[in-house]
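The structure under discussion appears below in the form of structure tokens.
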């Protein structure tokens, strides 16, 4: 038997998340059985469990969490047997199901064993812990695509909004490593410390400083790229600090699902607006991100900050910590210790 977290209705974490015992699944044709060691908790996981966006009610039990890490236990028919015994990190375990899109099972990584296709796996370098591996899928792949989706960033001025967030911290690391001059916004000295450590040359406390004035004082005409955590909240600000011909790569808009846009201000900057969904990143871009992520892990320059690791029995507390922004850094659920 295998301990498994699941929910059959959307709602508050303590009300809907349950731990049950299930049979260890058999890997089906072309798929791979992973013994999960750690499971990452992303804001998207929390939103999905809460029913954000008025998605359709579950038609079957949902095992939460898109990301995780573990060891391949077995492979199904027609799957590559060389995976067996490998340490792996898991991404997009649930596919696009639950987001109003077709494709992918409703089974994530908050369980002792999960079955996923090989397209949702990457080798985990020996230098990285399972907890680190559980922090890579949504944050690191999104960060890599956001930074490089409009071309190289060497010698570019890149602003990362929310540089201490899961995506933001890794975006800083990718951009700085690639030779960009990175600045970021934060909301506390503790978050500034994380962003500086990631490679940001300038940290602007949005609660204490005028971001527009500070950015324009540091640049000659604004920034070339903006990595945006909340398009609805920051669209007008972004328009005021974007260099002519610059781009905004926005991967979320939690403050407003239907934001207004300062069209003419952005038009006069000849702005490129790129809206990013982690379940819609082209496969070649995912493959490129995996290569860069594993290189960074092996060489030691890619390192997500982990705020806290919870036991599987405390998965609801982990969801609440993410939901209410109680921790600085990523949140992990430890599934197994051996």
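Nothing in this text is a laboratory measurement; each read-out follows from the coordinates by a stated rule. Keep in mind that this is a model prediction, so the values were computed, not measured.
So which residue, out of 33, 237, 159, gets the largest mean-square fluctuation from a GNM of the chain using Cα contacts under 10 Å as springs? It is 237.
Rounding to the nearest 10 and keeping the result within 0 to 90°, find how far the Cα-based axis of helix 283-299 lies from the longest principal axis of the chain. Taking Cα atoms only, the helix is inclined about 90 degrees.
Note on region 184-208 and region 228-247: Cα centroid distance 18 Å, given to the nearest whole angstrom.
Ellipsoid fit via the Cα gyration tensor, region 147-289: semi-axes of 19, 19, 16 Å, each the root of five times an eigenvalue, largest first. Full extension of the chain segment joining residue 303 with residue 207 gains 31.9 nm, where the gain is 0.36 nm per residue of separation less the Cα-Cα distance. Among 183, 37, 268, the residue with the largest mean-square fluctuation in a Gaussian network model of the chain, with springs joining Cα atoms closer than 10 Å, is 268. Here are a few candidate values for Rg/Rh (Cα atoms, Kirkwood Rh): [x] 0.98; [y] 1.01; [z] 1.10. Which one was actually calculated from the structure I just gave you? Comparing each candidate, only [x] matches the computed number. Within the listed set 40, 11, 137, the Gaussian network model of the chain (springs between alpha-carbon atoms below 10 Å) gives the highest mean-square fluctuation for 11. Hey, what angle do you get for helix 231-241 against the long axis of the chain, alpha-carbon based, 0 to 90 degrees rounded to 10? Rounded to the nearest ten degrees, it is 30. Counting only DSSP H runs of at least 4 residues, each contributing -39500 (n - 2.57), and dividing by the residue count of the chain, the helix-based mean residue ellipticity at 222 nm comes to -8500 deg cm²/dmol. In the chain, the longest principal axis of the Cα atoms and the axis of helix 137-148 are about 30 degrees apart.
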